Every structure is written in structure tokens, then in C-alpha cells.
1. Does D22 fit the bill of being farther than 14 Å from E91 by Cα, over 18 Å from the mean Cα position of the chain (by Cα) and of a type outside the set (K, R)?
2. In segment 99-150, which residues are part of a loop (DSSP other than H, G, I, E, B) and either in the same structural domain as D65 (by TED's automatic domain parsing) or surrounded by 12 or more Cβ atoms within 10 Å (Cβ to Cβ) (or both)?
3. If you take the residues in segment 82-97 that are of a type outside the set (D, E) and in a helix (DSSP H, G or I), which one is farthest from L10 (Cα to Cα)?
4. Considering only segment 25-48, I want to know if a residue exists there that is touching a residue at least 60 places away in the same chain (Cβ under 8 Å) and either touching a Ser or Thr at 6+ places or on another chain (Cβ under 8 Å) or of a type in the set (K, R) (or both).
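The values are calculated or read from the model by the stated rules, or taken from the named source; none is laboratory data. Please read these numbers as outputs of a predicted model, since none were measured by experiment. Because the Cβ atoms are built from the backbone with ideal geometry, glycine has one as well, and the counts that use them run over all protein chains shown.
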Amino acid sequence: MAESSLKEQLSNAVKNAMRNKDKIRLITLRMAQAAVKQIEIDERRDLNDEDVLKVLDKMLKQRRDSASQYDAAGREELGDKERAEMVIIEEFMPAALTEDDLDGLIRSAISSTDAQGMQDMGRVMNELRPQVLGRVEMGHLSKKVRAALAG
């Protein structure tokens, strides 16, 4: 089967990092490749771009959480390392949505699911998730959807 373009991009970036002797970039990209490969082995299937984005999005969330924990513990050097890895991973993510674009997507998801209130939050989030994957932090999205459904 043909590799997805995101997996190819990761592979090419690993090769470039090796050529350029960029240790942090190489380690981060290899971690991303390993995470993708692990899921492929576990699920016995090739991952498409959307699946790879989910893996990268999860890695970003982990690093965001770790960085804030390190900062809270006064370990800035470790927090900086996590943020450096985030910058590298973000290169493979689609462009972030503007607040206006996000508000428009939320309005359209609410109308297309006929959402009436908070009880419909799950349906609205399920409608939005594939459209915003990797383009907005899910915590931020859920706050905005909750606010929109609350009126």
C-alpha cells in the first residue's frame, strides 16, 4: 500500500534531520514515527493522514500538559524541551483555525445537528471533530461549543 503523504513527510524530515545532525529534531520525529508505527502494528493496518494527525495531535497535547507541569514544578529547562518538541510536531499539522472560522464551523455544526442545548453537545462535537482535527485544541473547542449551546 502507498504511504500517506504525512508519513512520507515525516520520513523525509527524519532523513533531513539526520543529514543536518539536528538531534532534538531527529529524536522528536523518530518518536512520532514510532507512535504511528506502533498503532499500525497494533491495529494491523496502514494509517491514513487523518489517523496520523490524530497521533500527532495526541503528542502535542501530551507535550502541552508536560510543559505546564514542568513549569509549575520550576523545571523550566524540561518545559522548554517539551515546547521545542511541540514546535517540531506543529510543522506537520494543518494551519490553525482563526476564532472567526471556528465560530462559523460551530454555528454550522449546531444547525446541521439541530442541537437545542447542552444535551446535544456530543453530537455537535462529533460533527466538528473531523473538520478541526489538528487545527484547534479540543479543550478550547469544547468550551466554545458549550458557550454557544448555552446561548
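1. Considered against the rule, which asks whether it is farther than 14 Å from E91 by Cα, over 18 Å from the mean Cα position of the chain (by Cα) and of a type outside the set (K, R), D22 comes out as yes.
2. Those that are part of a loop (DSSP other than H, G, I, E, B) and either in the same structural domain as D65 (by TED's automatic domain parsing) or surrounded by 12 or more Cβ atoms within 10 Å (Cβ to Cβ) (or both): T113, A115, L133, G134, R135, V136, E137.
3. Filtering segment 82-97 for residues of a type outside the set (D, E) gives 83-84, 86-89, 92-97.
Keeping just the survivors that are in a helix (DSSP H, G or I) gives 83-84, 86-89.
On the way: R83: 19, A84: 17, M86: 14, V87: 14, I88: 11, I89: 10 Å.
Per the criteria, the residue is R83.
4. Yes, the conditions are met somewhere in segment 25-48.
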